[in-house]
Amino acid sequence: MKVKTVMGNIGPLGVSAKGKEIQFVFVSKERDCGVILYGIEDGRELSRIPFPADCRVGNVRMMCVSGIETEQFLYTFYEGENEVSDPCARQYANLAYGSAYAGNLRKALYTPQTYDWEGDQNPRIPYEQAFVYCMHVRGFTMDASSQIKQGGTFRAVMEKIPFLEELGVTTLEFQPVYEFDEVSETGKLNYWGYTKGYYYAPKSSYAATGNCVTELKDLVKALHQRGMEAVLQFYFPAEMEQWEVLDVLRFWVKEYHVDGFHIKGYQTPMDLISGDPIFSGIKLWHHAFSQRIREKARTEGERSLGIYGEEFCHIMRKFLKGDEGMMGAAAEQMRSQPEWAGKLNYLTNYEGFTLMDLVSYERKHNEANEENNRDGRDYNYSWNCGTEGSSRKKSVTALRLKQIKNALMLLFCSQGTPLIFMGDEFGNSQGGNNNPYCQDNEITWLNWEQLEKNKEIFDFVRSLARLRREYPILRSRRQLRMMDYLSCGYPDLSYHGISPWQPDMTPFSRQIGIMLCGKYAETDKMEETLFYIGINMYWEAYKMSLPRLPKGQCWEMVVATDAAVETVATVEGQDMILPPRSICLMQNREREEQKKS
């Protein structure tokens, strides 16, 4: 193979087409460095092409090569006698899942590709209209119960989009889908992928076909065509350079049209990322933002940042199981909605218990991880409802179902953006494992048979998501002020106790009534709807007098976690008896006699 090399451009890193030439750009301090080409079919070495001495700027080597006889090839770089993988490759040779060991050489794949996005547009869904579903691509459909032949792939996720639409999901959050070594140097499986990765390439073992690039783009485009979003998790270790982080994220916005990033790592340059004009309108999720970022976001009013912290999770878990002293904190979390950012609320996520395990286990059960159950968090703020692990006792299973519904009510009746982890919508369990980072089996694979068994949970989530869509006051864009600033007779948000307008926020209180006035919803027309959320996390029934309504109206049940909720007409209006550990949502309606007249 006779090739000709000339000086290339300084970017992009990796390999790219430049007309009829192919450009190679590589960062190396070695004088003796170049590229090795391999045949795709047989892996035979085709050629070694050194970087000319004058084809460099600093430590960046770049050359444009003509005369390469094949359109597709595998390649690596070499530095002296060492052969190294291209860390910026756009695609790597397909490897079966579980065969990518840390430190092993990866051969990158070069193949000329064009892609028709067909006028694709990012939906840019406001936080107050979003419902987020966090998933692991492989675990979502890998189990045979998913009834998908090519499970564990991007294409399999596409097949499940109608299911997600039916649930009401608007935004998918994906655990790492970029290429990473799923087996560490010690031989331990890294199922989640929170390690330094090959950040420019989709994970080849997540593709049903041999083309992971096209398959992931197809998935993003299919989501956009249905008005849904794709947000990708990226983990950047502390040693990553700031320019590298920016380069990676810009690449995924440009090449894959992604809608946002959940950026993990404690030294990521959030000030630089949030200030980059390329990310205008792109969702950026992180656990904390500096005061400078907050002030800038508040001034610009774009509201693309999202706070992805654990405070809601920890407080609401404690409140759910009936811990004392949580009433005030729980009420604050339910109304919290920052002006400058979205707020991602969740009770469960990939780390920690699933929703079913949260009400089935009080202790972690990570024995399968072979670390003597020492890994994972010791504090889970969970309650097993009387029996550790699986149970056939009707009283236990009924209480667990009610607690799951209570958790979902707390989540969807809060003002932030609700987020659930895959499988929580039908009671998926991980057997009490709260740290399944190394499990690629039935522990982390969704058992879709549970969908039929726990259809009641799925229907409950779907109904709550629909309520949020229909009534904007349940998902206000701005924090409610607890004031009657419209002079309409009701504040936007008010708290109540045994008696209306008299909430009990003492440490021993586990009950509260929350009323929302629809007239404060940000819509074109003034909504006359009033909602009353009755919450009783105590283990005995609780009687509450409901706020009085305008003449001719009464409170009517919309949804309840316990069918035994009672409402009784009184001279003053209506009383309600909330069963132990239950939540209900009521709405104002015209009385029947009023309708007839």
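The values are calculated or read from the model by the stated rules, or taken from the named source; none is laboratory data. On a predicted model such as this, the values are computed, not experimentally measured, just so you know. Counting neighbours? That spans all protein chains shown, and the Cβs are built from the backbone with ideal geometry, glycine included. Please note that ligands, DNA and RNA were not included when accessible areas were found on the heavy atoms of the full protein model with its side chains. Shrake-Rupley method; radii C 1.70, N 1.55, O 1.52, S 1.80 Å.
Summary of values
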{"item": "Sorted peptide list for 552-563, 528-539, criterion being average Cβ within 10 angstrom, highest first", "result": "528-539, 552-563"}
{"item": "Residues whose placed amide H lies under 5 Å from that of Gln439, excluding near-sequence neighbours", "result": "Tyr191"}
{"item": "FRET efficiency, 1/(1 + (r/R0)^6) with R0 56 Å, evaluated for Gln225 and Ala569 via beta carbons", "result": "0.65"}
{"item": "Reciprocal mean inverse distance between Cα atoms of the chain - Kirkwood radius, Å", "result": "26.4 Å"}
{"item": "Projected label distance in nm at Met482 and Glu442, using a 7 Å step from Cα toward the beta-carbon", "result": "5.0 nm"}
{"item": "Nitroxide proxy distance, nm - points 7 Å out along Cα→Cβ at Asp116 and Tyr266", "result": "5.0 nm"}
{"item": "Cβ-Cβ FRET estimate between Ala17 and Glu540, R0 fixed at 60 Å, reported to 0.05", "result": "0.25"}
{"item": "Per-residue ³J(HN,Hα) for the range 119-129, Karplus 6.51 cos²θ - 1.76 cosθ + 1.60, θ = phi - 60°, Hz, x for Gly and Pro", "result": "x, 4, 10, 6, x, 6, 6, x, 4, 6, 9"}
{"item": "Long-range HN-HN contacts of Val27 with modeled amide H, under 5 Å", "result": "Arg61"}
{"item": "Amide N of the range 420-447 lying under 20 Å from the label point, which is placed 7 angstrom from the Cα of Glu367 along Cα→Cβ", "result": "429-445"}
{"item": "Accessible area per residue, Å², the range 474-578 with all protein chains present, probe 1.4 Å", "result": "50 Å²"}
{"item": "Two-decimal Rg to Rh for the range 104-190 - Kirkwood Rh, Cα set", "result": "1.03"}
{"item": "Expected 222 nm ellipticity per residue - DSSP helices of 4 or more, -39500 (n - 2.57), all of the chain, to 500", "result": "-6500 deg cm²/dmol"}
{"item": "Distance-filtered residues of the range 536-575 - backbone nitrogen under 17 Å, label point 7 angstrom along Asp459 Cα→Cβ", "result": "558-564"}
{"item": "Quarter of Cα convex hull surface for the range 3-112, i.e. mean projection, nm²", "result": "6.9 nm²"}
{"item": "Extension reserve of the Arg548-Asp276 stretch, reckoned as 0.36 nm per residue once the Cα distance is removed", "result": "92.8 nm"}
{"item": "Distance violations [Cα-Cα > 24 Å] among Lys318/Lys519; Lys196/Lys221; Lys296/Lys343; Lys20/Lys203; Lys149/Lys283", "result": "Lys318/Lys519; Lys196/Lys221; Lys20/Lys203; Lys149/Lys283"}
{"item": "Under-5 Å amide H pairs with Phe261, H placed in peptide plane, nonlocal only", "result": "Leu232, Lys283, Leu284, Trp285"}
{"item": "Residue-by-residue Karplus 3J(HN,Hα) for the range 506-521, coefficients 6.51, -1.76, 1.60, Hz, glycine and proline x", "result": "5, x, 8, 6, 10, 10, 6, x, 10, 10, 10, 9, x, 5, 8, 5"}
{"item": "Cross-link pairs beyond the 21 Å C-alpha cut-off, checked among Lys321/Lys394; Lys107/Lys160; Lys393/Lys453", "result": "Lys107/Lys160"}
{"item": "Percent RCO, i.e. relative contact order, over the chain, from Cα pairs under 8 Å lying at least 6 residues apart", "result": "10 percent"}
{"item": "Simple spin-label estimate for Glu590 and Arg292 in nanometres, 7 Å along Cα-Cβ", "result": "5.9 nm"}
{"item": "Listed residues Gln415, Pro112, His287: farthest to the positive end of the dipole of the chain (Cβ charges)", "result": "Gln415"}
{"item": "The chain - charge dipole about Cα centre, Lys and Arg +1 at Cβ, Asp and Glu -1, debye rounded to 20", "result": "980 debye"}
{"item": "Accessible surface of the chain, 1.4 Å probe, proportion on carbon and sulfur as whole %", "result": "47 percent"}
{"item": "Karplus-derived 3J(HN,Hα), 6.51/-1.76/1.60, for each residue of the range 185-196, Hz, glycine and proline x", "result": "5, 8, x, 7, 6, 10, 6, 6, x, 7, 8, 4"}
{"item": "Average accessible surface area per residue within the range 241-361, 1.4 Å rolling probe, Å²", "result": "37 Å²"}
{"item": "Among 239-251, 140-152, the order from most to least packed when residues are scored by Cβ within 10 Å on average", "result": "140-152, 239-251"}
{"item": "FRET efficiency, Val3 to Asn94 (Cβ-Cβ, R0 30 Å, nearest 0.05)", "result": "0.70"}
{"item": "1.4 Å probe accessible area per residue over the range 80-229, in Å²", "result": "38 Å²"}
